[in-house]
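First up is the structure itself, then whatever we jot down about it.
Bear in mind that the values in this text are calculations on the coordinates, not laboratory data. Predicted model, so just to flag it, every value in this text is computed and none were measured. Please note: Cβ atoms are built from the backbone with ideal geometry, for glycine as well, and neighbour counts cover all protein chains shown.
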Amino acid sequence: LLVLGIETSCDETAAAVIKNGTEIVSNVVASQIESHKRFGGVVPELASRHHVEQITIVIEEAMQQADAAFKDLDAIAVTEGPGLVGALLVGVNAAKALSFAHQIPLVGVHHIAGHIYANRIGHEMKFPLLALVVSGGHTELVLMKGHAEFEVIGETRDDAAGEAYDKVARTLNLPYPGGPQIDRLAHEGKPNVDLPRSWLEGTYDFSFSGLKSAVINTLHNAAQRGESIRPEDMAASFQQSVIDVLVGKTVEAVKAFGVKEVLVAGGVAANKGLRAALSEAFRDLPEVALRIPPIQLCTDNAAMIAACGTVLFEKGKRSSLDLNAYPGLDIENF
Ligand code: ATP
Ligand code: MG
Ligand code: FE
């Protein structure tokens, strides 16, 4: 079963070919980070234009690297949402054109479901499982009792984890995207700045905007007093606060729901500190398998979209040529 995946929800133009939902045949990602860097974040209109320029090249390259022809494909999977509408539309329209021209079934995929399915590449999933989704726009705990069944048991009430990383990085004058920069700095610093942790007890929800404000206020107050805080120490302290809450809540939910596996998904899953802290925490829970994708499958890519699309295709999902882009698509009903 050969599936072409297409992803254009944000600032990566990506295409990949996946065999049987679990094996990467090709995986091409054209990142726009350099273009958005000087603006300190993703500029939607710029993203759409780059996708238009790149999409054909990226798809051709993925097909070429896979040594596949369109007639070999069983389905085309494309991110239909959530994301930037103008960016999503480029991928959706490319997928619809190819589906129509070559008479290949089309399957719309939820971007975050894709992030979760990055974990099925190379590993079969064992249900029930819990997915910790930590990306640029989402932070949630998702319970799965079977393939493509998603139940959100907790989510952020304000900023996503990745968003908090990017905003704190900007405060520390680090370039976009800030996550990897803070990760790097954190390893050179000590978590000796006192910062809050938002537990929101009795829920599996998260909140990171208070932490972000605390970083800004602490830096501001120190400057007023003529003191300075080493950016390395602030990065380490911020990262420790984020990790404590993410790991603490995940362990709590794992125990409450008696899951067999924990999957980590989204760009922040690339974080070295988080990966180490989760490994450490789950050493005490040997009956639960912890899975974290390799770094290149944590951030946006199309292999994860094809992996999820394969499962949806096998479950009978077909999207029509009326498929649209859905910026606010819900993972529980798509
Ligand atoms: P979403 O998936 O919610 O639609 P997105 O696609 O923009 O949002 P991803 O591509 O999954 O998000 O992840 C990008 C985010 O991951 C950015 O916020 C980035 O700073 C963060 N990130 C990437 N690497 C790291 C890292 N090593 N440590 C912390 N954060 C990281
Ligand atoms: Mg991105
Ligand atoms: Fe993403």
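Points to keep in mind about this one:
- Dipole moment magnitude, nearest 20 debye, segment 182-250 about Cα centre, only Lys, Arg, Asp, Glu C-beta charged: 80 debye
- Gap separating the Cα centres of segment 98-130 and segment 202-239, nearest whole Å: 37 Å
- Net charge of neighbours whose Cβ lies under 14 Å from the Cβ of VAL152, counting Lys and Arg as +1 and Asp and Glu as -1: -4
- Listed residue (PHE39, TYR326, THR13) projecting farthest to the positive dipole end of the chain, Cβ model: PHE39
- Length gained on full extension, ALA223 to ARG197: 7.0 nm, using 0.36 nm per residue less the C-alpha separation.
- Nonlocal amide H pairs with ASP159, under 5 Å, H built at 1.01 Å: PHE208, SER209
- Converting phi to 3J(HN,Hα) with the Karplus coefficients 6.51, -1.76 and 1.60 and the offset θ = phi - 60°, segment 138-148 yields 9, 9, 8, 10, 10, 8, 10, 9, x, 4, 6 Hz in sequence order, with x at every glycine or proline.
- Expressed as a whole percent, the proportion of Cα-Cα pairs in the chain lying more than 31 Å apart is 32%.
- Long-range amide H partners of PHE127 with built H, under 5 Å: none
- Counting neighbouring Cβ atoms within 10 Å and putting the fewest first, the residues ASP67, ASP159 line up as ASP67, ASP159.
- Loop-located trypsin sites (Lys or Arg not before Pro) in segment 79-127 (DSSP state other than H, G, I, E, B) with a sparse environment of at most 16 neighbouring Cβ atoms within 10 Å: LYS126.
- Rel. contact order, % - alpha carbon contacts under 8 angstrom, at least six apart, segment 165-292: 26 percent
- Close amide H pairs (under 5 Å, H built 1.01 Å from N) link ALA289 with GLU261, VAL262, residues at least 5 positions away or on another chain.
- Using θ = phi - 60° in the Karplus curve 6.51 cos²θ - 1.76 cosθ + 1.60, the 3J(HN,Hα) couplings for segment 302-312 round to 9, 4, 5, 5, 5, 5, 5, x, 4, 5, 4 Hz; x is entered for Gly and Pro.
- As a proxy for reagent exposure, ranking VAL58, VAL85 by other Cβ atoms within 10 Å from fewest up yields VAL85, VAL58.
- Cβ charges +1 (Lys, Arg) and -1 (Asp, Glu), total dipole of the chain, debye: 260 debye
- Over 32 Å (Cα to Cα) - which of LYS212/LYS272; LYS212/LYS255; LYS145/LYS272; LYS212/LYS317 fall in this group: LYS212/LYS317
- Checking every one of the GluC sites (Glu not before Pro) in segment 100-157 against DSSP loop status and a limit of 14 other Cβ atoms within 10 Å picks out GLU124, GLU149.
- Couplings 3J(HN,Hα) of segment 20-33, computed from phi: 6, x, 10, 10, 7, 9, 8, 7, 10, 10, 9, 8, 9, 3 Hz, in residue order, whole Hz [Karplus 6.51 cos²θ - 1.76 cosθ + 1.60, θ = phi - 60°; x for Gly and Pro].
- Based on DSSP H segments of at least four residues, each scored -39500 (n - 2.57), the chain has a per-residue ellipticity at 222 nm of -13500 deg cm²/dmol.
- Trypsin sites (Lys or Arg not before Pro) within segment 1-38, DSSP loop, no more than 10 other Cβ atoms inside 10 Å: ARG38
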